[in-house]
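Beneath this line is the structure, given in structure tokens, with notes to follow.
The values are calculated or read from the model by the stated rules, or taken from the named source; none is laboratory data. Bear in mind the structure is a predicted one, so any value in this text is a computation, not a measurement. Note: accessible area is taken over every heavy atom of the protein model, side chains too, but ligands, DNA and RNA are not part of it. Shrake-Rupley method; radii C 1.70, N 1.55, O 1.52, S 1.80 Å.
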Amino acid sequence: MFKSISKNLAVKMADQSLISSEEISLFEYGIEQAIKYLLLYILGLITAVFFNLIISYLYFCIMLISTKSYLGGKHFHNETWCMISSVLFVILTLEVAQLITKISTNYDMLFAFCVIQIMITISSKVIIHSNQPLTRREIELNKRKSNILLIIQLLILFLCWITNFDVLLPISCSYFFLYHLTRIN
């Protein structure tokens with residue numbers, strides 16, 4: 001279904017001279033991936049509305065996109081399994097955050113746990129996916145970029161902690177915990 005939609009859009013773009021005929025397959029793939037990710041984030045947003053965790057979900061999306069862009073994680077070669085596992089990861093993270101919010105009133109401990117998780121993530125290596133081999137320079141650059149993003153996340157958490165804006169601590173805590181469970185080094 002996504003293939004036919006993306007193919008039709010790419011062909012229409014070529015017909016309107018927005019792209020060349022050589023670029024059709026490239027744009028077809030890009031449109032297909034964009035539709036899949038949009039569907040993933042819409043399903044996550046529906047889940048967040050259901051659990052009343054919209055702010056947490058938006059922060060989760062920022063964390064997910066920034067962290068996985070440079071540090072990688074588990075990848076499936078089958079796109080269906082990839083999509084299912086991604087949706088389950090989003091739902092599970094929100095569930096764990098909801099559970100943490102219900103059972104924990106000690107946000108100092110959550111903050112400490114998040115700091116430890118971020119430090120573990122900073123010290124971990126970049127994961128190279130077989131579909132996207134990286135040079136040594138790209139690995140070093142990705143590691144540097146990911147560390148900067150993680151430090152920014154740590155600063156955001158610190159600001160939330162000192163201002164008693166505790167809404168982001170449970171989602172950060174559950175995200176980093178589950179992220180490390182799903183990593184393959």
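Data overview
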{"read-out": "With all protein chains modelled, accessible area of residue 62 [1.4 Å, Å²]", "value": "110 Å²"}
{"read-out": "Surface accessible to a 1.4 Å probe, residue 51 within the full protein complex, Å²", "value": "40 Å²"}
{"read-out": "Solvent-accessible surface ranking, highest first, for 163, 101 at 1.4 angstrom", "value": "163, 101"}
{"read-out": "Aspartates and glutamates whose Cα lies under 17 Å from that of residue 12, excluding same-chain neighbours fewer than 8 positions away", "value": "22, 23, 28, 32"}
{"read-out": "Heavy-atom accessible area ranking, 1.4 Å probe, most first, across 100, 139", "value": "139, 100"}
{"read-out": "Restraint check, 36/102; 3/36; 3/145, Cα-Cα greater than 22 Å", "value": "36/102; 3/145"}
{"read-out": "Largest to smallest accessible area among 63, 119, 13 [probe 1.4 Å]", "value": "119, 13, 63"}
